[in-house]
């Protein structure tokens with residue numbers, strides 16, 4: 001327009017092109033965003049395995065029993081007050097001073113077979129009793145993830 005104001009805005013072709021591009025991005029990107037839900041369970045499983053390895057190594061290094069208590073959404077680590085005390089009463093401190101316990105999402109509960117606390121003995125073995133008489137192999141499972149096996153004789157976490 002000569003002498004008048006210039007036309008502003010988008011043309012119909014530009015609007016349709018943008019709508020098509022948004023549609024293509026939605027079809028490609030949205031399925032990838034929904035796949036991130038499994039990361040919480042995978043991360044929790046990895047934290048549980050690392051915490052169990054730390055518990056076994058701490059028991060050997062400190063020459064004290066370390067107990068790992070399994071609850072549906074968490075793993076708690078406690079340690080004997082002294083060698084041979086037979087009760088895990090104190091929270092185990094990790095390398096940074098915090099307890100290396102693991103807490104997971106509600107959608108990925110943690111279970112142990114057999115049930116009950118794991119007693120990491122100063123020798124490295126895992127028992128179902130505080131006295132260290134019954135070596136027990138435990139299988140811990142986070143829903144939807146590969147199981148974690150703790151060998152009773154060696155304390156190896158796999």
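The values are calculated or read from the model by the stated rules, or taken from the named source; none is laboratory data. Keep in mind it's a predicted model, so treat the numbers as computed, not measured. Here Cβ is always computed from backbone atoms with ideal geometry, including for glycine, and neighbour counts include all displayed protein chains.
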### Message
When you check residue 69 against the structure, is it more than 30 Å from residue 131 (Cβ to Cβ), surrounded by 11 or more Cβ atoms within 10 Å (Cβ to Cβ) and in contact (Cβ under 8 Å) with a residue 12 or more places away in the chain, yes or no?
### Response
no
### Query
Here are some conditions: (1) touching a residue at least 40 places away in the same chain (Cβ under 8 Å); (2) touching a helix residue (DSSP H, G or I) at 6+ places or on another chain (Cβ under 6 Å). Residue 77 meets all but one. Which one does it not meet?
(1)
### Message
Looking for something in a helix (DSSP H, G or I) and either at pLDDT 90 or above or on the phi > 0 side of the Ramachandran plot (or both) - is there at least one such residue anywhere in segment 62-74?
### Response
yes
### Task
Could you tell me which of the residues 102, 41, 59 is closer than 21 Å to residue 155 by Cβ, buried (at least 16 other Cβ atoms within 10 Å of the Cβ) and within 13 Å of the chain's Cα centre (by Cα)?
102
### Task
State which residue pairs qualify: first residue under 17 Å from residue 103 (Cα atoms) and inside segment 128-146, second residue in a loop (DSSP other than H, G, I, E, B) and at pLDDT 90 or above in any location, beta carbons under 7 Å apart, and separation of 6 or more residues or different chains.
140/147; 141/147
